[in-house]
Amino acid sequence: MTRIAGHRPPRKSARELARAVESGRSVGEALRHLDNYGSSPEAPVLADALARFLVARCESHHAGWRVVRQVVVDSAADATPWEKCARRAIPLVAADLLSLSGAEGRTPLHRAQHLAAQRRAEEIAPHVDQARVLKDLGLEPAADVDEDSWRAAIAGAVKARSREQVARALEDSLEVSRTAGDPDPE
């Protein structure tokens, strides 16, 4: 196809990009479109498609989410509604993407993916037996951990790349200490 100087091919609409994202294509282009046209009437449709894609993609493309999920599963506290919580995270991620589109600059894929992982962790947190998870990681709470603090701590732990880093992130976020005889995982 020959391109005429000064002539740009027509850009895809938000709905066209949403359909492409649903098929796993044009994700970067969709994020750029949302950054540039986040206040358009069709932007929520695109943000929702991106959120669905990013939330599902956490399982394969976000190491921190996979580590946090495995820590929960390994603790035998795994009586959680994983898919239900993933569905609940979608509207939160969509709203976050729309909010980011109003800020200056662009939203890179890795930032959007991390946001989706955090939202998944926040949604699963109330269903996780925190005492079992902390005990399994060799941590002991100094006081009762309230639900908001636990939710923020689990969301913050998705930056971890290992079980030890999850323990350290929770230790830094909450008033917890290492149990006797449990050395620092460093």
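Based on what the data block shows, is Leu174 open to solvent by 30 Å² or more (accessible area, probe 1.4 Å), among the aliphatic types (A, V, I, L, M) and at pLDDT 90 or above? Spelling it out, it is not the case that Leu174 is open to solvent by 30 Å² or more (accessible area, probe 1.4 Å), among the aliphatic types (A, V, I, L, M) and at pLDDT 90 or above.
For Ser39, state whether it is touching a residue at least 40 places away in the same chain (Cβ under 8 Å), over 27 Å from Arg161 (Cβ atoms), of a type in the set (S, T, N, Q) and open to solvent by 50 Å² or more (accessible area, probe 1.4 Å). So Ser39 fits the description; yes. Taking (1) in a loop (DSSP other than H, G, I, E, B); (2) without any contact (Cβ under 8 Å) to a residue 24 or more places away in the chain in turn, Asp172 satisfies each apart from (1). Can you name every residue in segment 65-102 that is in contact (Cβ under 8 Å) with a residue 60 or more places away in the chain and either open to solvent by 70 Å² or more (accessible area, probe 1.4 Å) or more than 13 Å from the chain's Cα centre (by Cα) (or both)? Residues satisfying the conditions are Gln70, Val71, Val72, Asp74, Ser75, Ala76, Leu98, Leu100, Ser101, Gly102.
Sub-9 Å Cβ pairs linking a first residue in segment 123-143 that is outside any helix (DSSP H, G or I) to a second residue that is among the polar types (S, T, N, Q) and loosely packed, with under 15 Cβ neighbours inside 10 Å, at least 6 apart or interchain, are Gly138/Thr179; Leu139/Ser177; Leu139/Thr179; Glu140/Ser177; Glu140/Thr179; Pro141/Ser177; Ala142/Ser177, ordered by first then second residue. Considering only residues that are assigned to a loop (DSSP other than H, G, I, E, B) and either in contact with a strand residue (DSSP E or B) (Cβ under 8 Å, 6 or more places away or on another chain) or open to solvent by less than 80 Å² (accessible area, probe 1.4 Å) (or both), look in segment 1-22 and name the one that is modelled with the lowest pLDDT. Looking at the filtered set, the residue picked out is Lys12.
For segment 153-163, name all the residues that are surrounded by 16 or more Cβ atoms within 10 Å (Cβ to Cβ) and in contact (Cβ under 8 Å) with a residue 60 or more places away in the chain. Residues satisfying the conditions are Ile154, Ala157, Val158, Lys159, Ala160, Arg163.
Taken over segment 65-90, the criterion of being under 16 Å from Ala157 (Cβ atoms), of a type in the set (Val, Ile, Thr) and part of a helix (DSSP H, G or I) is satisfied by Val67, Val68, Val71, Val72, Val73.
Check whether at least one residue in segment 50-64 is in contact (Cβ under 8 Å) with a residue 40 or more places away in the chain, in a helix (DSSP H, G or I), open to solvent by 10 Å² or more (accessible area, probe 1.4 Å) and among the aromatic types (Phe, Trp, Tyr), and report yes or no. No - not one qualifying residue is present in segment 50-64.
Considering segment 24-34, the residues that are crowded, with 18+ Cβ neighbours inside 10 Å and touching a residue at least 40 places away in the same chain (Cβ under 8 Å) include one that is nearest to Ser101 (Cα to Cα), namely Leu34. Criterion applied to Arg106, Arg111 was being in a loop (DSSP other than H, G, I, E, B), open to solvent by 30 Å² or more (accessible area, probe 1.4 Å) and basic (Lys, Arg), and the one residue passing it is Arg106.
Scanning for something of a type outside the set (D, E, K, R), open to solvent by 10 Å² or more (accessible area, probe 1.4 Å) and under 25 Å from Leu100 (Cα atoms), does segment 143-152 turn up at least one residue? Lay out the reasoning, then the answer.
Of segment 143-152, the ones of a type outside the set (D, E, K, R) are 143, 145, 149-150, 152.
Still in the running and open to solvent by 10 Å² or more (accessible area, probe 1.4 Å): 143, 145, 149, 152.
Narrowing further to those that are under 25 Å from Leu100 (Cα atoms): 149, 152.
Among the residues of segment 143-152, at least one is of a type outside the set (D, E, K, R), open to solvent by 10 Å² or more (accessible area, probe 1.4 Å) and under 25 Å from Leu100 (Cα atoms), which makes the answer yes.
The values are calculated or read from the model by the stated rules, or taken from the named source; none is laboratory data. Bear in mind the structure is a predicted one, so any value in this text is a computation, not a measurement. Cβ: placed from backbone, ideal geometry, glycine included. Neighbour counts: every protein chain shown. These accessible areas exclude ligands, DNA and RNA; they are computed on the full protein's heavy atoms, side chains included. Shrake-Rupley method; radii C 1.70, N 1.55, O 1.52, S 1.80 Å.
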